[in-house]
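In what follows, a structure is listed as structure tokens, so that the remarks can point back to it.
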Amino acid sequence: MLPVILSGGSGTRLWPLSTPDIPKQFLPLMDPERTMIQQTISRLDGLDFMSSPLVICNGKHLPLVRSQLRTIGRLNRPVMLEPAGRNTAPAIAAAALYCIENEKDGLMLVLASDHTILNVPAFQKAVEAARNAASQNKYALFGIVPTRPETGYGYIETESATNTGVLPVKAFKEKPDAVTAEKYAAAKNYFWNSGMFAIPAGLLLREMETMEPEMLEHVKNAYAKAARTDESIKLDKESFELINGNSIDYAVMEHTKNAVVIPLNAGWSDVGSWDMVWELSQKDENDNVANNATFCKDASGNMIHTEDGRAVALLGIKDCVIIESKDGLLIADKQYVQEVKKAAESFLK
């Protein structure tokens, strides 16, 4: 099984620590010893059917990817480079072409490079179930068992309300409003769409031939004309830029009759905001999270990150995010963390 690691994100939701030059997947956000992409790859350790990872990123991040994979002993393939951002469907189609060419059984495990999973044994058990389903010519989608009514994720509706087994997909749902999210969380047959899945490469290409023939033709041209070295496979720029980008969900998953859900209850998060980093981090007795020396007086529920060991004093501050880096300073009430991306983009214009 070929792990395909998607690493095209710009990381602006965790500005100023995460930036387009060094987005969050290359930072040791949740583990002081390993970056998020290193954690993503390392949690596959012990699965003897897993091949070496294929990472897909843009050219600017090639040195980062190679360095971080080399550090954990996983730099065994060229890195695939996208010459332009065209969403996930073209990238995964290019990976499928590579998989057919280089892997005997043509199964892919598609993972984002910047998610966290706390319960690795539970995740690995789900991967084994997904591999079995993919071997039966199914798209095996990891559906996260909801822990709260969440409006920030898309949902997958299944035919039956159970958290185990392999569940046929009934429908995909857009990000809901708060009332609808409450209904989904209570219904037990709705799962968060994690964006992770196992796919038979051949099945994906056959269905794209029907569903997205023009996109697939451009991807095939970009792959055939790619500049190949020992370090990278650089997809052809002219061919790739002709692609009308789309997500794999919209392009294929919502139309296929072959999708199933593997329920996953393993402490998953896409770590998409600073309040989520706070939620997942170890806290002191006042629910503060700090990476350096911090003096607190009547301060609780805060997320503090400073560079170069700088000390911080918090006096009467509650539920705030204070992040300092060489690229900027963020001070925000946790209620406003969804606005960080807009703030970051205003500085990056």
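The values are calculated or read from the model by the stated rules, or taken from the named source; none is laboratory data. Please read these numbers as outputs of a predicted model, since none were measured by experiment. So basically every Cβ, Gly included, is an ideal-geometry build from the backbone, and we count neighbours across all protein chains shown. Areas reflect the complete protein model, heavy atoms only, side chains present, ligands, DNA and RNA absent. Shrake-Rupley method; radii C 1.70, N 1.55, O 1.52, S 1.80 Å.
Could you tell me which numbered condition PRO20 fails, if it satisfies all but one of (1) in a helix (DSSP H, G or I); (2) touching a residue at least 60 places away in the same chain (Cβ under 8 Å); (3) over 14 Å from the mean Cα position of the chain (by Cα)?
Just one mismatch for PRO20, condition (1).
When the residues of the stretch 43-81 are narrowed to those that are basic (Lys, Arg) and assigned to a helix (DSSP H, G or I), which ends up most open to solvent (accessible area, probe 1.4 Å)? Steps first, please.
Initial filter on the stretch 43-81 (basic (Lys, Arg)): 43, 60, 66, 70, 74, 77.
Next cut, assigned to a helix (DSSP H, G or I) only: 60, 66, 70.
Details: LYS60: 114, ARG66: 41, ARG70: 134 Å².
Result: ARG70.
Conditions tested, residue by residue: (1) modelled with pLDDT of 95 or more; (2) over 23 Å from the mean Cα position of the chain (by Cα); (3) among the aliphatic types (A, V, I, L, M).
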site	(1), (2), (3)
GLY165	no, yes, no
GLU182	yes, yes, no
PHE197	yes, no, no
LEU204	yes, no, yes
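Whether any residue in the stretch 292-302 is touching a strand residue (DSSP E or B) at 6+ places or on another chain (Cβ under 8 Å), at pLDDT 95 or above, open to solvent by 80 Å² or more (accessible area, probe 1.4 Å) and in a loop (DSSP other than H, G, I, E, B) is what I want to check.
yes
Taking VAL219 as meeting all but one of (1) surrounded by 14 or more Cβ atoms within 10 Å (Cβ to Cβ); (2) aliphatic (A, V, I, L, M); (3) farther than 24 Å from ALA84 by Cα, write down the number of the exception.
The single condition VAL219 does not satisfy is (3).
Considering only residues that are closer than 14 Å to GLY245 by Cα and open to solvent by less than 50 Å² (accessible area, probe 1.4 Å), which ones fall in the stretch 184-216?
Step one: of the stretch 184-216, the residues closer than 14 Å to GLY245 by Cα are 208, 211-216.
Across the stretch 184-216, the qualifying residues are MET208, GLU212, MET215, LEU216.
Select from the stretch 236-269 the residues that are among the hydrophobic types (A, V, I, L, M, F, W, C), farther than 27 Å from PRO168 by Cα and either in contact with a Lys or Arg (Cβ under 8 Å, 6 or more places away or on another chain) or assigned to a helix (DSSP H, G or I) (or both) and list them in ascending order. Steps first, please.
The initial filter retains those residues of the stretch 236-269 that are among the hydrophobic types (A, V, I, L, M, F, W, C), namely 240, 242-243, 248, 251-253, 259-262, 264, 266, 268.
Keeping just the survivors that are farther than 27 Å from PRO168 by Cα gives 240, 242-243.
Answer for the stretch 236-269, where residues must be among the hydrophobic types (A, V, I, L, M, F, W, C), farther than 27 Å from PRO168 by Cα and either in contact with a Lys or Arg (Cβ under 8 Å, 6 or more places away or on another chain) or assigned to a helix (DSSP H, G or I) (or both): PHE240, ILE243.
Go through the stretch 99-127 and give me each residue that's of a type outside the set (Ser, Thr, Tyr), part of a loop (DSSP other than H, G, I, E, B) and crowded, with 23+ Cβ neighbours inside 10 Å.
Applying the first criterion (of a type outside the set (Ser, Thr, Tyr)) to the stretch 99-127 yields 99-112, 114-115, 117-127.
Now restrict to residues that are part of a loop (DSSP other than H, G, I, E, B): 103-106, 114-115, 118-119.
Residue satisfying the conditions is ASP114 alone.
What do you reckon, is ALA226 out of contact with any Gly (no Cβ under 8 Å at 6 or more places or on another chain), of a type in the set (A, V, I, L, M, F, W, C) and free of Cβ contacts under 8 Å to residues at least 12 places away in the same chain? Explain how you work it out, then say what you get.
Working: out of contact with any Gly (no Cβ under 8 Å at 6 or more places or on another chain): yes; of a type in the set (A, V, I, L, M, F, W, C): yes; free of Cβ contacts under 8 Å to residues at least 12 places away in the same chain: yes.
Criteria met by ALA226.
Scan the stretch 222-246 residue by residue and report those that are surrounded by fewer than 18 Cβ atoms within 10 Å (Cβ to Cβ) and either among the β-branched types (Val, Ile, Thr) or modelled with pLDDT under 95 (or both).
Scanning the stretch 222-246 gives THR229, ASN244, GLY245, ASN246.
Given the residues GLU307, GLU279, which is the only one that is under 17 Å from THR19 (Cβ atoms) and not in a strand (DSSP E or B)? Show your work before the answer.
On the way: GLU279 fails: under 17 Å from THR19 (Cβ atoms).
Just a single option satisfies the conditions, and that option is GLU307.
For the structure I just gave you, tell me whether THR88 is open to solvent by 10 Å² or more (accessible area, probe 1.4 Å) and under 14 Å from the mean Cα position of the chain (by Cα). Let's see the steps before the verdict.
Values: open to solvent by 10 Å² or more (accessible area, probe 1.4 Å): yes; under 14 Å from the mean Cα position of the chain (by Cα): yes.
Taking the combined requirement at face value, the residue satisfies it.
Looking at ARG66, ARG77, can you tell me which residue is at pLDDT 95 or above, more than 16 Å from the chain's Cα centre (by Cα), charged (D, E, K, R) and under 21 Å from ILE92 (Cβ atoms)? Spell out how you get there, then give the answer.
Details: ARG66 fails: under 21 Å from ILE92 (Cβ atoms).
Residue meeting the stated conditions: ARG77.
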